[in-house]
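Below is one structure; the comments refer to it alone.
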Amino acid sequence: MEAWKAILIAFGGNAALIAILAFFAKLLITKWIQWEGIDRQITYSKLHEKRTEAISEIHFGLIEYLSICKSFLMSAPHVSEEERELLLTRLSEGTKEFRCIFQKNKLYLKKELCSKIEQTFKDTQMPSYNYIFALGAYTAGNISDNQHENEWGKAYKAFSEEVPSLLEKLEDEFRTLLRSEKYS
């Protein structure tokens, strides 16, 4: 009978040891999975935060750019040549600033939104450059009032229609990230 007891204790002890090891292994794996989940949540939380910051920076950069462009359009025909040069310098700086903001943050945006921003920027650049050239020609007396006003109207329309639409898309993306409804 002693041999059977020894065999049962040997196998039972091993089984108990294996059961204890399995319990601790399960506990360790569960904790490891929980830590991995927490790490992922932290990573996604940081990414989410960075995306909202990126959209916000682009949005406010675009508002500033729009303000500079409209200021130029409204003021340039009515100021001296020296003041016009200052407005052109500010317009050029504003363009560079917005491009820098966009390039720095576009990694965090959806490709479709990046494409929309790039297209809107292109769609507003040609009318504004055409107007700048037309303004120079107008002040030099090389084009008529009607031609000048026509180019001014195209540039103003580009900034008053294209950019607000883009701002709305940025706002929608921002609110989507915040999981809030679009405000009416």
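Quick check, is GLU161 within 28 Å of the chain's Cα centre (by Cα), more than 30 Å from LYS50 (Cβ to Cβ), at pLDDT below 85 and assigned to a helix (DSSP H, G or I)? Outline the logic, then answer.
On the way: within 28 Å of the chain's Cα centre (by Cα): yes; more than 30 Å from LYS50 (Cβ to Cβ): yes; at pLDDT below 85: yes; assigned to a helix (DSSP H, G or I): yes.
It is true that GLU161 is within 28 Å of the chain's Cα centre (by Cα), more than 30 Å from LYS50 (Cβ to Cβ), at pLDDT below 85 and assigned to a helix (DSSP H, G or I).
Quick grid of which residues meet (1) surrounded by fewer than 12 Cβ atoms within 10 Å (Cβ to Cβ); (2) at pLDDT 75 or above; (3) within 26 Å of LYS111 (Cβ to Cβ); (4) in contact with a Lys or Arg (Cβ under 8 Å, 6 or more places away or on another chain):
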site: ASN14; (1), (2), (3), (4): yes, no, no, no
site: ALA19; (1), (2), (3), (4): yes, no, no, no
site: TRP32; (1), (2), (3), (4): yes, yes, no, no
site: SER56; (1), (2), (3), (4): no, yes, yes, no
site: SER67; (1), (2), (3), (4): no, yes, no, no
site: LYS70; (1), (2), (3), (4): no, yes, no, no
site: HIS78; (1), (2), (3), (4): yes, yes, no, no
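Considering only the range 135-149, state which residues are polar (S, T, N, Q), assigned to a helix (DSSP H, G or I) and open to solvent by 80 Å² or more (accessible area, probe 1.4 Å).
Filtering the range 135-149 for residues polar (S, T, N, Q) gives 139, 142, 144, 146-147.
Now narrow it down to the ones that are assigned to a helix (DSSP H, G or I): 139, 146-147.
Once the filter is applied, which keeps residues that are polar (S, T, N, Q), assigned to a helix (DSSP H, G or I) and open to solvent by 80 Å² or more (accessible area, probe 1.4 Å), the range 135-149 yields ASN146, GLN147.
For THR124, indicate whether it is in contact with a Leu (Cβ under 7 Å, 6 or more places away or on another chain), in contact (Cβ under 8 Å) with a residue 12 or more places away in the chain and either closer than 22 Å to TYR65 by Cα or open to solvent by 70 Å² or more (accessible area, probe 1.4 Å) (or both).
The answer is no for THR124.
If I go through the range 69-114 residue by residue, how many of them are among the β-branched types (Val, Ile, Thr) and closer than 18 Å to ILE55 by Cα?
So the answer is 2.
Check whether at least one residue in the range 167-179 is under 21 Å from ARG90 (Cβ atoms) and either open to solvent by 60 Å² or more (accessible area, probe 1.4 Å) or touching a helix residue (DSSP H, G or I) at 6+ places or on another chain (Cβ under 7 Å) (or both), and report yes or no.
Within the range 167-179, one or more residues are under 21 Å from ARG90 (Cβ atoms) and either open to solvent by 60 Å² or more (accessible area, probe 1.4 Å) or touching a helix residue (DSSP H, G or I) at 6+ places or on another chain (Cβ under 7 Å) (or both).
When the residues of the range 150-166 are filtered to those that are under 30 Å from CYS114 (Cβ atoms) and of a type in the set (S, T, N, Q), which remaining residue is surrounded by the fewest Cβ atoms within 10 Å (Cβ to Cβ)?
Step by step, filter the range 150-166, then rank; the result is SER165.
Against the definition (closer than 30 Å to LYS50 by Cα, part of a helix (DSSP H, G or I) and either open to solvent by less than 60 Å² (accessible area, probe 1.4 Å) or hydroxyl-bearing (Ser, Thr, Tyr) (or both)), how does ILE117 come out, yes or no?
Numbers: closer than 30 Å to LYS50 by Cα: yes; part of a helix (DSSP H, G or I): yes; either open to solvent by less than 60 Å² (accessible area, probe 1.4 Å) or hydroxyl-bearing (Ser, Thr, Tyr) (or both): yes.
It is true that ILE117 is closer than 30 Å to LYS50 by Cα, part of a helix (DSSP H, G or I) and either open to solvent by less than 60 Å² (accessible area, probe 1.4 Å) or hydroxyl-bearing (Ser, Thr, Tyr) (or both).
The values are calculated or read from the model by the stated rules, or taken from the named source; none is laboratory data. Not measured: the values here are computed from a predicted model. No Cβ is skipped: glycine too gets one built from the backbone with ideal geometry, and neighbour counts run over all protein chains shown. Ligands, DNA and RNA are excluded from the accessible area calculation, which covers all protein heavy atoms including side chains. Shrake-Rupley method; radii C 1.70, N 1.55, O 1.52, S 1.80 Å.
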